[in-house]
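Since the structure comes first, as structure tokens, the remarks are kept for the end.
The values are calculated or read from the model by the stated rules, or taken from the named source; none is laboratory data. Not measured: the values here are computed from a predicted model. So basically every Cβ, Gly included, is an ideal-geometry build from the backbone, and we count neighbours across all protein chains shown. Each accessible area value is taken on the protein alone, full model and side chains, heavy atoms only, with ligands, DNA and RNA left out. Shrake-Rupley method; radii C 1.70, N 1.55, O 1.52, S 1.80 Å.
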Amino acid sequence: MDQLKGYNVAVVGATGAVGQQMIKTLESRDFPISTLTLLSSKRSAGTKVLYKDKEIVVQEATPESFKGIDIALFSAGGGVSKELAPHAVRHGAIVVDNTSAFRMDKDVPLVVPEVNEEDLRNHNGIIANPNCSTIQMVVALQPLKEKYGLSKVLVSTYQAVSGSGAAAVEELNSQTQAILNNEAFEPKILPVKSDKKHYQIAFNAVPQIDVFTENGFTYEEMKMINETKKIMHAEDLKVAATCVRIPVATGHSESIYFELDNDQVTASEIKELLQVSPGIVLQDDPNNQIYPMPADCVGSNDVFVGRIRQDLDVKNGFHMWVVSDNLLKGAAWNSVQIAESLIKLGLV
């Protein structure tokens, strides 16, 4: 990065869970910032946020908030992105959007830097940050696709409630306390706040993330399927997903079955490859009970991979377990990483 030049950066959704992590990540990465503008809804405007020991007052996001901004990181919901991102681009900013608003737009790159950084060269002002569960999966799969070829992916996710926001985490905590105290409670948020029914998340597993589509898959599952193919430039890749919400605050886990084009590969070779692949930490020693767990990944930017083993019936089939902090690599860190890549490639 060009540390000599400072960039004018805006964070939209600065008071939300991901927005807060974006600010912390910009600070921990010592991102070259000249001015940092923090934007939010009218309701949250006026909040003070600490950045490098300085208080910054959060302002209401408007179409004119982006004058002079070089990079705008959005995480305030798809509606806000659709409304304000074009205005940011009009003012000359590059938008990195952490919502589903533009992900499948053919003119918008959908980027995970370890996988398809070069796609950033094709941007038209807006770059989409993929879904959290998609990001960690493609980081783990890309080295395998490059070296051996990849034909099929079946994934089951075990997703943390923070993926539904801070209020969902509070619901988990309050329900847990109520159950332990033998008190009554009424679920109001999960699985989907806008859906007809709401279910207990404490001491439970809910096989619905987002609303259902006509084909029986949820929108979250379809995001994983479609985004994986777009990011990996693999339209013919067979992908299926089942997404489940579990009572964990932070850290998504995934059980991934995949089939390679090469049927001469061993589990040991896959471990050796992933151990030296960018963004991955291999934790795979079953004899010593070493494997990734969400409680251990919180606060880390990496994707943790373990439980790698060959399928017992399919020679070119393998299983692995992939865990990552959904608020960092799944959101804030990947967004800031995209911004760093833009600088590295001379695109900003």
Practice task
Taking residue 311 as the residue in question, decide whether it is more than 20 Å from residue 157 (Cβ to Cβ) and open to solvent by 20 Å² or more (accessible area, probe 1.4 Å).
Solution key: no
Exercise for the section: Any chance you could count how many residues in the range 314-348 are of a type in the set (Lys, Arg) and surrounded by fewer than 21 Cβ atoms within 10 Å (Cβ to Cβ)? Expected result: 2
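Examine the range 330-339 for a residue that is of a type in the set (Phe, Trp, Tyr) and more than 22 Å from residue 31 (Cα to Cα), and state whether such a residue exists.
no
For (1) acidic (Asp, Glu); (2) in a strand (DSSP E or B); (3) open to solvent by 40 Å² or more (accessible area, probe 1.4 Å), each residue gets a yes or a no:
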site: 15; (1), (2), (3): no, no, yes
site: 18; (1), (2), (3): no, no, no
site: 22; (1), (2), (3): no, no, no
site: 34; (1), (2), (3): no, yes, yes
site: 38; (1), (2), (3): no, yes, no
Exercise for the section: Kindly list the number of the only condition in (1) free of Cβ contacts under 8 Å to residues at least 40 places away in the same chain; (2) assigned to a loop (DSSP other than H, G, I, E, B) that fails for residue 209. Expected result: (1)
